[in-house]
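The structure's right below; bear with me while I get my questions together.
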Amino acid sequence: MTDLLLQRGASSELRRPRVGFLGVGWIGRHRMAAMLDAGRIEAVAVAEPDPDMAREALVLAPDATVCPDLDDLLAQDLDGLVIATPSALHADQAQRALDAGVAVFCQKPLGRNAQETEAAIAAARRANRLLAVDLSYRFTAAVQALKTQLELGVMGRIHAVDLTFHNAYGPDKPWFYDAALSGGGCVMDLGVHLVDLCLWLLDDAVAGVEANLRRQGRPLAGRKEAEDYAVATLILKSGAVVRLACSWRLPAGQDAVIEAAFYGERGGAALRNLGGSFYDFEATAFEGVTRRVLASPPDDWGGRAAQAWAQALAEGKRYDPEVERLVEVARTLDRIYAAAA
């Protein structure tokens, strides 16, 4: 793998890492554009089965090589690989890249269960290579404002959390609805963000789970089906009680309902989407019946996770133990599915 450290000389700037893109549908191209716009990387190769999508990616990176598959991508002397493929492929593709000495930025989920997640992280640890997952809500200004409130302790001990993500549309790719390929339905697709935010912001873990999963209004018939509605109660090790609800295609009266609210002994704070938007978020602090805005749009946050990974890669960063937090997230999703079985 090419050395990422400075070629010391007249310039003190970091060399741009050579990055390949495995899957360049909308989200893969968006993350490519974010990294290129920030001047963080050189996009040298793409692999995409849809020729129209590949052509659109070449508009962003006209000098990139089009590769037929992952093996050919890994032969391009890459420093890093961005994975934006169906969920069933993530863990294996990440491991193959990491075993080849290539850093990885992967769409969520890293694995369809805790076992796959742990295996991918173990590969990163063995190879001492950077691994990150695109949990992009962490990088919104609203979530960062909540993080500051929690770190300052202004709310006191957190004892209750409400987490909600209703998507009035649902995914447009058939594989999302096949649990063998996706790992699950709305919990795997949307709940992963909610669980990650909760455990990351509170620096906590889950002690107990109760859950109810539905598909088209009836109880889920095992893990072979992908749920479209889910409610769960999580008891954290700190004692806090977390209510989680997520869904696809719920007639919510707007495009989306997204909320993460934290309530403590002395106050509360919440992230909420505005006007049904998937992109515009406001953070507010509560004290009694009063509220104060902490952060509000505009906030161009969608590519920040990708840019942060690219910057760390350019700086020569190696394995970051922070990624191990995702094991607890994956275990929690496993426990939600097991509790509802």
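The values are calculated or read from the model by the stated rules, or taken from the named source; none is laboratory data. This is a predicted model, so every value here is computed, not measured. All Cβ positions, glycine included, derive from the backbone under ideal geometry; neighbour counts span all protein chains shown. When the accessible area is computed, the model is the full protein with side chains, heavy atoms only, and any ligands, DNA or RNA have been set aside. Shrake-Rupley method; radii C 1.70, N 1.55, O 1.52, S 1.80 Å.
Once R0 is set to 45 Å, what does the formula 1/(1 + (r/R0)^6) return for the Cβ-Cβ distance between Ala75 and Ala180, expressed as a FRET efficiency to the nearest 0.05?
Values: r = 30 Å, r/R0 = 0.67.
E(calc), rounded to 0.05, equals 0.90.
Still on this structure, please answer the following. Using helices alone, what [θ] at 222 nm do you get for the chain, with -39,500 (n - 2.57) per DSSP H run of 4 or more residues, divided over all residues and rounded to the nearest 500? Could the numbers behind the result be given before it?
Working: 10 runs with 108 residues, N = 341.
Counting only the DSSP helices, I get -9500 deg cm²/dmol.
Is the shape of the stretch 8-119 best called rounded, prolate or oblate, per the rule: a/c under 1.5 gives rounded, else a/b larger than b/c gives prolate, else oblate, with a ≥ b ≥ c the square roots of the Cα gyration tensor eigenvalues? Walk me through the intermediate numbers first.
On the way: a/c = 1.79, a/b = 1.28, b/c = 1.40.
The shape class here is oblate.
Also, quick follow-up: Taking the Cβ-Cβ separation of His159 and Arg218 as r and a Förster radius of 41 Å, what is the calculated FRET efficiency to the nearest 0.05? Please report the intermediate quantities before stating the final value.
Working: r = 34 Å, r/R0 = 0.82.
Efficiency, from the Cβ-Cβ distance: 0.75.
With Cβ to Cβ distances under 13 Å as the rule, what net charge do the other residues near Ser296 carry (K, R +1; D, E -1)? Before the final figure, lay out each step's value.
Details: positive: Arg272, Arg291, Arg292; negative: Asp280, Glu282, Asp299.
Counting the neighbours of Ser296, the net charge comes to 0.
Based on alpha-carbon centroids, what's the gap between the stretch 267-289 and the stretch 130-175 in Å, whole number please?
The stretch 267-289 and the stretch 130-175 have Cα centres spaced 11 Å from each other.
Nearest-5 percent of antiparallel DSSP beta bridges in the chain? Mind showing how you got there, number by number?
Numbers: 43 of 70 bridges.
Close to 60 percent.
Right, another one. Counting only C-alpha contacts under 8 Å and six or more residues apart, can you give the relative contact order of the stretch 1-146 as a whole percent?
On the way: 244 pairs, mean separation 28.7, N = 146.
Relative contact order comes out at 20 percent.
How many nm is it between the label spots at Ile235 and Glu151, if each spot is 7 Å from the Cα in line with the beta carbon?
3.2 nm
Moving on. With a 1.4 Å probe and all protein chains left in place, how much accessible area per residue does the chain have, in Å²? If you can, show how the numbers build up before the last one.
Details: 14980 Å² over 341 residues.
Solvent-accessible surface per residue comes out at 44 Å².
Classify the stretch 77-209: rounded, prolate or oblate, from the alpha-carbon gyration tensor (a ≥ b ≥ c, eigenvalue square roots; a/c under 1.5 rounded; otherwise prolate if a/b is larger than b/c)? Before the final figure, lay out each step's value.
Numbers: a/c = 2.02, a/b = 1.38, b/c = 1.47.
Judged from the Cα gyration tensor, the stretch 77-209 comes out oblate (a/c at least 1.5, b/c at or above a/b).
So what's the projected area for the stretch 137-299, the Cα convex hull averaged over all directions, in nm²? Please report the intermediate quantities before stating the final value.
Details: hull surface 39.0 nm².
The orientation-averaged projected area of the Cα hull of the stretch 137-299 comes to 9.8 nm².
From Cα pairs below 8 angstrom and at least 6 apart in sequence, can you work out the relative contact order of the stretch 212-303, rounded to a whole percent? Display every interim value, and only then the final one.
Details: 141 pairs, mean separation 13.0, N = 92.
Computed over the stretch 212-303, the figure is 14 percent.
Let a ≥ b ≥ c be the square roots of the eigenvalues of the Cα gyration tensor of the chain; is it rounded (a/c under 1.5), or, if not, prolate (a/b larger than b/c) or oblate? All intermediate terms of the calculation are to be shown ahead of the outcome.
Numbers: a/c = 1.75, a/b = 1.41, b/c = 1.24.
It is prolate, given that a/c is not under 1.5 and a/b is the larger ratio.
Under a crude label model (7 Å from the Cα following the beta-carbon direction), how far is Asp172 from Glu322 in nanometres?
The two pseudo-label positions are separated by 3.2 nm.
Simple spin-label model, 7 Å along Cα-to-Cβ: Val293 to Arg266 in nm?
Rounded to a tenth, the inter-label distance reads 2.6 nm.
Let me ask something else. Computing the accessible area with a 1.4 Å probe over protein heavy atoms, can you report the carbon and sulfur percentage for the stretch 18-134?
On the way: 2130 of 4430 Å².
The C+S portion of the solvent-accessible surface of the stretch 18-134 is 48 percent.
Which whole-number percent gives the relative contact order of the chain, counting Cα pairs below 8 Å spaced six or more residues apart? Please list the in-between numbers first.
Values: 749 pairs, mean separation 68.3, N = 341.
After rounding, I find 20 percent.
Taking Cα centroids, how far is the stretch 213-261 from the stretch 291-341 in Å?
So the separation of the two Cα centres works out to 20 Å.
Let me ask something additional. Using Cα positions and a limit of under 22 Å, work out the lysines in reach of Lys224, with same-chain residues fewer than 8 apart set aside.
Straight-distance partners of Lys224: Lys108, Lys173.
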